Each structure stands twice: as structure tokens, then as C-alpha cells.
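Engineer: The structure under discussion is supplied below as C-alpha cells; questions concerning it will follow.
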Amino acid sequence: MARLRYEVSNDHEGTLYPAAVPATTVFLEVIADHPGQARMEALNALLDWWSCFVPDPGFENYDDPEHGPVNVCEGVEERVRAAADMLREVAMDHSDGGRHRPAVRELLRNLDDGRVARGG
């Protein structure tokens, strides 16, 4: 998860590359199916991206095969919103001591409060 995160974002600059949009789908699959460290890394990446990352200058759009060009942060947000039901289920999961639950709840609060991804 960490390697994928660093391939599609620049933590030093706080920017996302267009590949962050499809990577979001991978992170969400890990959150759904892989309790433990991988789940936490995926959650932390999405929380960071949501709160303080913007598209890398010159790479603001992802060419979505279904919808055409979309802002990178909006694409990340759209995929997280589409996974809200799964995230609610994971928020109730007690596996791995439930240490992931605060991070999932924070991500859900962002959705429920209508907060948008920073760069969106």
C-alpha cells in the first residue's frame, strides 16, 4: 500500500497524480477485504488525500474512461462516496482489535458532513 501511495502521490508536495483515481479503487478494495496494516495504510492515504492534497500542477485531470476528464480530487472523492456502504460495514468490524475504526469513521464524517476533497 505504501509503495502504491508513493507512486500516485507526492507527499512532500502534497499533490496527487492522475493515477491516484484508479489507485483509490485499489485502496478501497484493501479496506474492504484486508484487515491489519494494509487496511490502515489505505485508510491513512485516503484521509491525507482528502484533507490536504491537491492535483499536481499540470496533471489536474484524470481521463475517466466512462465520464471523460475529471479533476483528480473529484475522482478520488467520487470513488470514496460510491464505497460509503462498504465503509459503514468496515466501521463496525472488530477484526484486528478494531484499530481501523476511528480512521473509517473520520472518512465517513467527511462524507456525511458534505466535506469535499480539498482540491475538488
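The values are calculated or read from the model by the stated rules, or taken from the named source; none is laboratory data. Quick caveat: nothing in here was measured; it's all calculated off a predicted structure. Neighbour counts run over all protein chains shown; Cβ positions are idealised from the backbone, glycine included.
Engineer: Specify which of the listed residues (Ala45, Ala103) is over 14 Å from Ala19 (Cα atoms), among the aliphatic types (A, V, I, L, M) and surrounded by 13 or more Cβ atoms within 10 Å (Cβ to Cβ).
Structural biologist: From the options Ala45, Ala103, the qualifying one is Ala103.
Engineer: Among the residues of the range 1-11, which ones are surrounded by 16 or more Cβ atoms within 10 Å (Cβ to Cβ) and either part of a helix (DSSP H, G or I) or touching a His at 6+ places or on another chain (Cβ under 6 Å) (or both)?
Structural biologist: Leu4, Arg5, Val8, listed by residue number.
Engineer: When you scan the range 52-69, how many residues do you find that are within 17 Å of Thr25 (Cβ to Cβ) and either modelled with pLDDT of 95 or more or polar (S, T, N, Q) (or both)?
Structural biologist: The qualifying residues number 2.
Engineer: Is it the case that the range 41-59 has a residue that's over 30 Å from Gly97 (Cα atoms) and outside any loop (DSSP other than H, G, I, E, B)?
Structural biologist: Within the range 41-59, one or more residues are over 30 Å from Gly97 (Cα atoms) and outside any loop (DSSP other than H, G, I, E, B).
Engineer: I would also like to ask the following. Which of the residues spanning the range 60-82 are of a type in the set (A, V, I, L, M, F, W, C) and either crowded, with 21+ Cβ neighbours inside 10 Å or in a helix (DSSP H, G or I) (or both)?
Structural biologist: Of everything in the range 60-82, those that are of a type in the set (A, V, I, L, M, F, W, C) and either crowded, with 21+ Cβ neighbours inside 10 Å or in a helix (DSSP H, G or I) (or both) turn out to be Val72, Cys73, Val76, Val80, Ala82.
Engineer: Pick from the range 12-24 the residues that are touching a residue at least 12 places away in the same chain (Cβ under 8 Å) and not in a helix (DSSP H, G or I): which of them is surrounded by the most Cβ atoms within 10 Å (Cβ to Cβ)?
Structural biologist: Leu16
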